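K.L.:
Take this structure first; my questions come after.
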Amino acid sequence: MALYPLLVYCVGDPAAYKWGLDHGGEPMPPDLELRVARNGRFFWVFRYILLGAYVLLVLSGSTIPPTRVGLSSRNLLLSTLGGAAIGLLMFLVAKYGRLSLSNTASARPEAKDAVAVWVTIIVVGAFCEELWRAYCIVALQADGLNVQNAILLTSAIFAVSQLGGRPSRITADKAQIIYTGVVGGVLGSLFLVSRSLAAPAFANLLYHLLSLFEFT
């Protein structure tokens, strides 16, 4: 479970870590900050690939069958459509609830010049985040944790993980952090209801794609 935040906070541009060690909390020069943000987008793709590969590797040696984490083609179309509907609903709630959606990392000015990279991050991230979430929920339940606490725990880690990295997926805005946790709870609940990875993955995908194109 801890792998997601560990990857986010420990795998990144070495220049950012060097600056932090040498200068503490002092702001980076604009040119260095821009370079770190540019490189950081590619690190998001790399982190997600590592996360997804690790979960699949652990799953292959686990007693948990792949179908338990939603890796099944059963009711695929219905799960996809249901997930897309939930993703749209989460986006509309954020947009019209004025939950600082315009402050997301993907909506910052540099996103306008890197739409293709952000789309890749969102697509790869949707599958890998939901695979991670599904495995964690199932594994926590197998260890005796009740379903409500399993969802709360994974949702909190989800929000903390999206807050990390340069650039981050979300900003430190309090309302945005809370809503990201709520989104995590909805996605976790959607997995448990549908028992399909397709539903939360497509909800995650559509929510973040709509957020990206709303502000770029």
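K.L.:
Got a sec? Which of Leu6, Leu51, Leu32 is more than 20 Å from the chain's Cα centre (by Cα), modelled with pLDDT of 90 or more and assigned to a helix (DSSP H, G or I)?
P.N.:
Details: Leu6 fails: more than 20 Å from the chain's Cα centre (by Cα); Leu51 fails: more than 20 Å from the chain's Cα centre (by Cα).
Matching residue, one of Leu6, Leu51, Leu32: Leu32.
K.L.:
Within region 57-92, how many residues are loosely packed, with under 13 Cβ neighbours inside 10 Å and not in a helix (DSSP H, G or I)?
P.N.:
5
K.L.:
For the subset of region 195-216 comprising residues that are within 20 Å of Leu56 (Cα to Cα) and not hydrophobic (A, V, I, L, M, F, W, C), which member is nearest to the chain's Cα centre (by Cα)?
P.N.:
Out of the qualifying residues, it is Asn204.
The values are calculated or read from the model by the stated rules, or taken from the named source; none is laboratory data. Every value quoted in this text rests on a predicted model; they were computed, and no experiment measured them. FYI the Cβ positions are ideal-geometry reconstructions off the backbone, even for glycines, and counts take in every protein chain you see.
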